[in-house]
Amino acid sequence: MENNTDAGFHSVNFDATNLGSGLYVYRLQAGSFTDQTKMMILQ
């Protein structure tokens with residue numbers, strides 16, 4: 001997903017029902033800030 005929005009608080013709904021259990025890495029970018037974090041999905 002790639003959207004440009006105004007500064008402020010924003011949220012995103014993430015639906016993992018079609019993903020298998022496992023360790024995933026996701027990346028968040030905001031301007032020049034980039035962060036990668038691990039997420040464990042257990043289904």
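Quick note: the coordinates plus some simple rules give every number you see, no bench work behind them. Keep in mind that this is a model prediction, so the values were computed, not measured. All Cβ positions, glycine included, derive from the backbone under ideal geometry; neighbour counts span all protein chains shown.
Assorted remarks:
- Gain upon complete extension [ASN3, ALA30; 0.36 nm per residue less C-alpha separation]: 8.7 nm
- Where chymotrypsin sites (Phe, Trp or Tyr not before Pro) fall in DSSP loop in the chain, at most 15 other Cβ within 10 Å: PHE9, PHE14
- Calculated SAXS-style log₁₀ I(q)/I(0) at q = 0.18, 0.20, 0.22 Å⁻¹ - the chain, Debye, Cα scatterers: -0.69, -0.81, -0.92
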